[in-house]
Amino acid sequence: MAPKGSQEVIKLNNGQTIPVLGLGTWKSKPGEVTQAVKDAIDIGYRHIDCAFVYGNEKEVGEALTAKINEGVVKREDLFITSKLWNTFHRPDLVKGALLKTLENLQLKYLDLYLIHWPQAYKEEGELFPTDESGKIQFSDVDYVDTWKAMEPLVAEGLVRSIGLSNFNAGQVARVLEVAQVKPVVNQVECHPYLNQARLKQYCEARDILLTAYSPLGSPDRPWAKPGEPQLMDDPKLKALADKLGRTVAQVLIRYQIDRGNIVIPKSVNKERIASNFAVSDFKLSQEDLDLINSFDCNGRFVPMTASFGHKYHPFENDEF
């Protein structure tokens, strides 16, 4: 019998549906992520967000297989996303990268495959190829050509939908100029300090939904400096959560859903995974949404400084 837990879904531009709330697996250690995904599926999550570069797809795959074999879920009940890493942008490498991800996840197809970042890195070596001085080595592959190599994967039945991640509006526009298969989402950092209102408006006008990663402000980001603001400690958010009788995390997750975004909070703690899921029984008022929107300060927690200087870096100019 399927566990309780209502999964609100949203329709993509190709008619497929995606659960609005998923489990993120970025920074989840291989030793912890298997149990976290099992717990999430038992709690009622049906959407799991993965990526090759996270280094934990095999462990995610073990959890998916275990829960399918136990009869808790069928494959078609699940929505599994993964992402093409920067060293595989060259068109001849795209399908092989996907096949490796499918092997890791023990799946025959993905529900969604994203280009993880628009900027390509030097191929056929390390995932973070560096020169003697430690600087990332770039590749000049154009993400438009990468997109063209993603499209046949849909026709082959290896992926149901394809999309983008960390693309700015100008980069989305360039993909749309050539796309035979339209991107369904753009997955970007999104939270009250970086609410992505302009990018959201731009993408939604073109039938592309936003998926919000780091919706809780990525409090465990390894490069955080002492004294940097912590979204979860924001006194105004705490006051609102107290007023609603909710946790700050639940308010932040509901904030994305009530704006029409997909949201993928990450946790490996069973209680928090359950708490993050328990957001279907309340909604934020327009007044609450307006208040949270007012916190925006272009506060980016994931700036991807390692590839500054790349011609396709999405955040290095004023492009939103």
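If each of Asp290 and Gln201 carries a label point 7 Å out from its Cα toward its Cβ, how far apart are those two points in nm?
Calculated label separation equals 1.7 nm.
Please give the FRET efficiency for Lys236 paired with Glu319, using the beta carbon to beta carbon distance and R0 = 25 Å, rounded to the nearest 0.05. All intermediate terms of the calculation are to be shown ahead of the outcome.
Details: r = 29 Å, r/R0 = 1.17.
Taking R0 as 25 Å, the efficiency between Lys236 and Glu319 is 0.30.
Calculate the length of the line joining the C-alpha centroid of region 106-153 to that of region 10-82, in whole Å.
Centre-to-centre (Cα) distance: 22 Å.
Give me the distance in nm between label points sitting 7 Å out from Cα along the Cα-to-Cβ direction at Val178 and Gln16, one decimal.
It works out to 2.1 nm between the two label points.
Set the Förster distance to 30 Å, then compute FRET efficiency between Glu76 and Glu123 from the Cβ-Cβ distance, nearest 0.05. Please list the in-between numbers first.
On the way: r = 35 Å, r/R0 = 1.15.
Once rounded, the FRET efficiency stands at 0.30.
Straight-line reach from Lys236: which lysines have a Cα under 28 Å away, not including same-chain ones fewer than 8 places off?
The reachable lysines, counting only those whose Cα sits under 28 Å from Lys236, are Lys27, Lys200, Lys225, Lys266, Lys270, Lys283.
Dipole magnitude of region 17-127 about its Cα centre, charges +1 at Lys/Arg Cβ and -1 at Asp/Glu Cβ only, in debye to the nearest 20?
My answer is approximately 140 debye.
Would you list Val172, Val154 from fewest to most Cβ contacts within 10 Å? Write out the running numbers ahead of the final one.
Values: Val172 21, Val154 17.
Placing the least packed residue first, the sequence is Val154, Val172.
Please list, ordered by chain and number, the residues whose modelled amide H lies under 5 Å from the amide H of Thr130; skip anything fewer than 5 residues away on the same chain.
HN-HN under 5 Å from Thr130: Gln137.
Quick one: what do you get for the chain if you divide its Cα Rg by 2.2 N^0.38 Å? Please report the intermediate quantities before stating the final value.
Working: Rg = 18.8 Å, N = 320, 2.2 N^0.38 = 19.7 Å.
Compared with the compact-globule rule of thumb, the chain sits at 0.95.
For each of Thr305, Thr247, count neighbouring Cβ atoms within 10 Å of the residue's Cβ, then give the residues from fewest to most.
By the 10 Å Cβ count, ascending, the order reads Thr305, Thr247.
Using helices alone, what [θ] at 222 nm do you get for the chain, with -39,500 (n - 2.57) per DSSP H run of 4 or more residues, divided over all residues and rounded to the nearest 500? Walk me through the intermediate numbers first.
On the way: 10 runs with 110 residues, N = 320.
Rounded to the nearest 500, it is -10500 deg cm²/dmol.
Could you give me the ³J(HN,Hα) list for region 252-269, computed from phi with Karplus coefficients 6.51, -1.76, 1.60 and θ = phi - 60°, whole Hz, x at Gly and Pro?
Here the 3J(HN,Hα) series is 5, 5, 5, 3, 5, 5, 6, 8, x, 9, 7, 9, 10, x, 9, 7, 10, 9 Hz.
Treating only the Cβ of Lys, Arg, Asp and Glu as charged (+1, +1, -1, -1), what charge dipole size does the chain show about its Cα centre? Round to the nearest 20 debye.
Working: 38 positive and 43 negative charges, 109 e Å.
Roughly 520 debye, rounded to the nearest 20.
Which of Glu57, Glu126 comes first, and how do the rest follow, when ranked by fewest Cβ neighbours within 10 Å?
Details: Glu57 24, Glu126 11.
Neighbour counts put them in this order, fewest first: Glu126, Glu57.
How do the peptides 288-294, 275-281 rank, highest first, by the average count of neighbouring beta carbon atoms within 10 Å per residue?
Values: 288-294: 15.1, 275-281: 18.1.
Packing proxy ranking, top to bottom: 275-281, 288-294.
Using the Karplus curve 6.51 cos²θ - 1.76 cosθ + 1.60 with θ = phi - 60°, work out ³J(HN,Hα) for each residue of region 58-73 in order, rounded to whole Hz, and write x for Gly and Pro.
Listing the rounded values in order: 4, 6, 4, x, 4, 5, 4, 4, 4, 6, 5, 5, 6, x, 5, 9 Hz.
List, in order, the whole-Hz ³J(HN,Hα) value for each residue of region 214-226 obtained from phi through the Karplus relation with A = 6.51, B = -1.76, C = 1.60 and θ = phi - 60°; use x for Gly and Pro.
Rounded to whole hertz, the list is 6, x, 9, x, 6, x, 9, 4, x, 9, 4, 9, x.
When you count, for each residue, the other Cβ atoms within 10 Å and take the mean per peptide, how do 248-255, 88-95 rank with the highest first?
Values: 248-255: 22.5, 88-95: 19.2.
Output ranking for 248-255, 88-95: 248-255, 88-95.
Under the rule of at least 5 residues apart or a separate chain, name every residue whose amide H is placed under 5 Å from the amide H of Ser267.
Gly24
What's the FRET efficiency of Leu244 with Gln137 using the Cβ-Cβ distance as r and R₀ = 45 Å, to the nearest 0.05?
On the way: r = 48 Å, r/R0 = 1.08.
Given R0 = 45 Å and the Cβ-Cβ separation, E is 0.40.
Can you list residues from other chains, or at least 5 along the same chain, whose modelled amide H is less than 5 Å from the amide H of Leu110?
Val159, Arg160
With the cut-off at 1.5 for a/c, could you classify region 178-230 from its C-alpha gyration tensor as rounded, prolate or oblate? Could you put the intermediate results ahead of the total?
On the way: a/c = 3.84, a/b = 2.41, b/c = 1.59.
Judged from the Cα gyration tensor, region 178-230 comes out prolate (a/c at least 1.5, a/b above b/c).
Considering the dipole of region 9-307 built from charges on the beta carbon (Lys and Arg +1, Asp and Glu -1) around the Cα centre, which of Tyr143, Ala51, Leu110 is farthest to its positive end?
In region 9-307, that residue is Leu110.
Along the charge dipole of the chain, pointing to its positive end and built from +1/-1 on Cβ of Lys, Arg, Asp and Glu, which listed residue (Leu231, Thr65, Leu127) has its Cα farthest out?
Thr65
What distance in nm separates the simple spin-label points at Arg300 and Glu271, each placed 7 Å from Cα in the Cβ direction?
Computed distance between label sites Arg300 and Glu271 equals 3.6 nm.
Only bridges with both residues in the chain count here: give the DSSP antiparallel percent, nearest 5. All intermediate terms of the calculation are to be shown ahead of the outcome.
Numbers: 6 of 31 bridges.
So the antiparallel bridges amount to about 20 percent of the total.
Given Val172, Gln286, Ala36, which one lies farthest toward the positive end of the charge dipole of region 9-307, if we put +1 on the Cβ of every Lys and Arg and -1 on the Cβ of every Asp and Glu?
Gln286
Antiparallel versus total DSSP beta bridges in region 167-320: what percent is that, nearest 5? Kindly include the intermediate steps, with their values, before the conclusion.
Details: 1 of 8 bridges.
About 10 percent, rounded to the nearest 5.
Read-outs: derived from the displayed coordinates by stated rules, not from any lab. From a predicted model like this one, the values you see are computed outputs, not experimental measurements. With ideal geometry, Cβ positions are generated from the backbone for all residues, glycine too; neighbour counts draw on all protein chains shown.
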